[in-house]
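Inspection log for the structure reproduced underneath, given as structure tokens.
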Amino acid sequence: MTQNHGTPDYPSEAGNLDKAQSQAKPPASQSGRAGIPAFVPLSQPYTSLYRQSAVPQSPEARTNPEYSASSTASSPSISTSASSIASAAPIELPLVTEFDDATNSRSRFSLQFPKNWLFWGITSAVAFSGLGIISAMTLFRLPSLPNCPAIFWPTASASLRIYCAQLSAERRTVEDLLKAIALVNSLPENHALRPEIDRNIEAWSKEILALADETFQQGDLDKAIATAKRIPNNTEAAGLVTQQIKDWQTIWANAEAIYQDSIDALKQQDLRKAFSIATRLLGVDNDFWQTTKYRELNTLITVTRQDSDKLNKAKGLADQGGLDNLLAAIKLAEEVRSSSPLAARAQQAIADFGEAMLDLAQATLDQRDYEGALAVVQQIPARAGVQDEVKDFRSLAEAQVQAWGGTTDDIQAAISRAQRIERDRPLYNKAQQLISYWQLEIEDVQRLGSARQLAQGGSLGDLRAAIAEASLIPSFNPRGAEAQQAINEWQTTIETAEDRPYLDRAMQLASQGDINSLQAAIDEARRIGHGRALSEEADTQIAAWRGEIQRIQDQPLLNRARLLANNGNLVEAIDVAGRISSGRALYDEAQSDIADWSAQMQRSQDQPVLDLARQYARQGNLAQAIRVAEQISTERVLYDEAQAEIQTWRGQFSERDRLQQAYSTANAGTPAMLLSAIQLANEVPTNDSVRAEANRMISQWSWRILEMARSQANYDVAGAIATARSIPSYAEAYAAAQQQIQEWQQRGRQSPSPRVRLE
């Protein structure tokens, strides 16, 4: 049985299609031209009607990729029989013409054919072989596939549309799926295949939505939305598009908000908060934000951490001040990349550092170092954005240098230069301040010059007139300090001229030297008021004259006290000298004598006590010596000396206790206890008074240990060696013990004997 692979005319009516379905196996005689079968149910894909075969590509297939994909890549071939091939490709021969030609040919060559049987045998074999080859080629030649790109769709059949739509949908791209839908969706709603077509359209629409979601997961929201909106409206998938787009937009907006919050935290240099926010991207239902953007944000956090460290270090350098630190701070801030979240902060920092350099330049200029100020502003980088300020600063600096001349002409020239800075310039306000300052200075210079001319007269009236003129210059004016200095000089001159006679007359009175004259001199000098030019000199002279009076009054008392002290009457001498009260001229001298006399008295009283304590100590009675010396109280002159002796005796007392403990330990008589006694005795300091006794006992105890070791050697040589080795190197018996150990070791090597330990 063969199938009809012709291309019949497909009526669009459903009745014709039903008729085509009733003819599932038409006879070979009803076959038409090769092509697409009249009808194949969609539940059985059209590709099942063909098999793969290697069909040579036509030129159209080579130049048309879509044709090649539908005709060659899929390569469905129709399985057919020899009879179907014959019916599918009939050869119509012009019988009359060929018959006449054959008759003429036979009559023309009949007399020329050879009559050799070998020739006819070979000819017959060749003819039949050729006929067999031609038959086989005709039998196995496959019909050509439909060329979907070249089909004129307005006249195409439903089966052809479905077939080409399936081929297009198999490519699984949005465009191909939409093309597949368009091919079959144009068929009438009442078409017999409409239910199957709608199921395919629904499946393809959902696949388009799935591809749109893949695009969304890859990070292209706009393309995903555009793709989803291309789904036909009459499908169930179209009902999901609106909600799906809303979900995508919600997810995307949430991810963007998280990302921006993290960026904002980075801009505030809160790296911990930025990282905490960034981890929320891992919970976003989008692969692009979970992976690509999350990694991007992590990288950005790492870079921002480095930039933050640079900015913090730069700020620290700038806070230290100085040109070198500011330049280093700017260099660090410039290392922050423009793509960093801290780029704006870095730029602001650079601008701030530039302003700081301008301030430094102004401070240098205020010290009248014009060259130094220019050297500072020349190093301000352009990125600081203060080029206009630098330009204005140079102009104002030149004006200030001009004003330093101090004359009216110099100041006027400075004003003219500053007035060139226009209103729209950054340092316009500063220029106006300087202009106002210099205008006041011009007034001050003129007024101060007038005052100095008045003072040149030299009289008290001229000086007072000069002071009055200069006093018109306020202290806060540019030349206020200079005016005040001139006023002070003129006032001093006036006061000196007025008060010098009083002081000269007082000194003349004091030169007589008696109490009355000195008191008169004091009264005269007091006429010079406090705060006047000669007031300090007058006060100094008054203090000296008052001291002379007190010395004259108190010297007899001090002389009498000294006489009593020389006679040994220290108590009365102290009483007389104590009558000189505090604040008097001889008070310090009297107190010094009183202290010496008191020390002599205390020493005479306490020295016997200290001598007795020392006697007890020499006798070895340290406890009694300490008790006696402690009788000297804190305020006594020998207190420090007594305390020093007490500390020494207490140290000796503790070392003797340690030596007594060594004696007690040695009384046990065993080598181990004797060794402990030696160690205790050796703890006595070398500069202590009992060290000699300690050394003597160490020597004695070490020899006793060696004697015990020798006795032990009679029955336990190894034990004797161990005992002898315990003698310390600082003991007197150490060398003898080492020699004895060597002898025992040699004896043991010569005649070994078993050990016998006696309990």
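The values are calculated or read from the model by the stated rules, or taken from the named source; none is laboratory data. Values in this document were obtained by computation on a predicted structure and should not be read as measured data. All Cβ positions, glycine included, derive from the backbone under ideal geometry; neighbour counts span all protein chains shown.
Points to keep in mind about this one:
- Test: residue 269 is surrounded by 14 or more Cβ atoms within 10 Å (Cβ to Cβ), closer than 27 Å to residue 219 by Cβ and in contact with a helix residue (DSSP H, G or I) (Cβ under 9 Å, 6 or more places away or on another chain): no
- Residue list for the stretch 306-335, restricted to those being surrounded by fewer than 16 Cβ atoms within 10 Å (Cβ to Cβ) and either farther than 21 Å from residue 355 by Cβ or touching a residue at least 60 places away in the same chain (Cβ under 8 Å) (or both): 306, 309
- For the criterion of being within 25 Å of the chain's Cα centre (by Cα) and more than 30 Å from residue 197 (Cα to Cα), residue 251 fails.
- Taking every residue in the stretch 518-532 that is of a type in the set (Val, Ile, Thr) and pairing it with any residue that is part of a loop (DSSP other than H, G, I, E, B), at least 6 positions away or on another chain, the pairs with Cβ-Cβ distances below 6 Å are 528/534.
- All positions within the stretch 221-233 that are without any contact (Cβ under 8 Å) to a residue 40 or more places away in the chain and not basic (Lys, Arg): 221, 222, 224, 225, 226, 228, 231, 233
- Segments classed as helices (runs of 4 or more DSSP H), wholly inside the stretch 280-392, with at least 3 members that are among the acidic types (Asp, Glu) and modelled with pLDDT under 90: 294-320
- Among residues that are under 30 Å from residue 290 (Cβ atoms) and touching a residue at least 12 places away in the same chain (Cβ under 8 Å), residue 166 is not included.
- Selection count, the stretch 674-692, where residues are under 30 Å from residue 720 (Cβ atoms), surrounded by fewer than 19 Cβ atoms within 10 Å (Cβ to Cβ) and touching a residue at least 24 places away in the same chain (Cβ under 8 Å): 3
- Output for the stretch 235-259, where each listed residue is touching a residue at least 12 places away in the same chain (Cβ under 8 Å) and over 20 Å from residue 176 (Cβ atoms): 236, 240, 244, 245, 248, 249, 251, 252, 254, 255, 258, 259
- Count - residues of the stretch 225-259 that are outside any loop (DSSP other than H, G, I, E, B), surrounded by fewer than 16 Cβ atoms within 10 Å (Cβ to Cβ) and not aliphatic (A, V, I, L, M): 10
- Scan of the stretch 360-401 for residues that are within 28 Å of the chain's Cα centre (by Cα) and without any contact (Cβ under 8 Å) to a residue 12 or more places away in the chain, ordered by number: 382
- The residues of the stretch 419-441 that are part of a helix (DSSP H, G or I) and surrounded by fewer than 19 Cβ atoms within 10 Å (Cβ to Cβ), listed by number, are 428, 429, 430, 432, 433, 435, 436, 437, 439, 440.
- Candidates in the stretch 488-521 are the residues that are under 23 Å from residue 468 (Cβ atoms) and of a type in the set (A, V, I, L, M, F, W, C); of these, the one that is surrounded by the fewest Cβ atoms within 10 Å (Cβ to Cβ) is 497.
- Note on the stretch 188-216: residues that are surrounded by 17 or more Cβ atoms within 10 Å (Cβ to Cβ), touching a residue at least 40 places away in the same chain (Cβ under 8 Å) and assigned to a helix (DSSP H, G or I) total 3.
- Residues satisfying the stated conditions in the stretch 495-549, i.e. part of a loop (DSSP other than H, G, I, E, B) and either of a type in the set (Phe, Trp, Tyr) or closer than 26 Å to residue 584 by Cβ (or both): 511, 512, 513, 514, 526, 527, 528, 530
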